[in-house]
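Read through the structure below, which is laid out as structure tokens, and then see the notes.
The values are calculated or read from the model by the stated rules, or taken from the named source; none is laboratory data. From a predicted model like this one, the values you see are computed outputs, not experimental measurements. Note that each Cβ is placed from the backbone with ideal geometry, even for glycine, and that neighbours are counted across all protein chains shown.
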């Protein structure tokens with residue numbers, strides 16, 4: 001937790017995830033009206049990916065919009081909840 005990506009000699013994995021824009025305040029089904037249109041989301045994700053790779057060449061990604069299976073191992077007892 002005290003090292004940045006460069007200090008940890010780590011890699012960066014960017015995964016597009018539109019479901020992060022889900023609104024779950026009403027009913028049983030999430031709403032995605034605040035999410036960008038797929039074309040705009042792909043453009044913005046491409047921009048983020050280009051910028052990340054320019055800064056950190058060891059950046060990986062999947063295919064935008066694909067059904068991807070991602071697994072990870074959390075190292076440490078900390079979970080950080082981000083709310084917008």
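Counting the residues of region 20-42 that are assigned to a helix (DSSP H, G or I), at pLDDT 80 or above and surrounded by fewer than 13 Cβ atoms within 10 Å (Cβ to Cβ) gives 3.
Checking each residue in region 43-65 for being part of a loop (DSSP other than H, G, I, E, B), in contact (Cβ under 8 Å) with a residue 40 or more places away in the chain and closer than 30 Å to residue 2 by Cα picks out 56, 58, 62.
Scoring residue 68 on the criteria (1) loosely packed, with under 10 Cβ neighbours inside 10 Å; (2) modelled with pLDDT under 80; (3) assigned to a loop (DSSP other than H, G, I, E, B); (4) out of contact with any helix residue (DSSP H, G or I) (no Cβ under 8 Å at 6 or more places or on another chain) leaves a single failure, condition (1).
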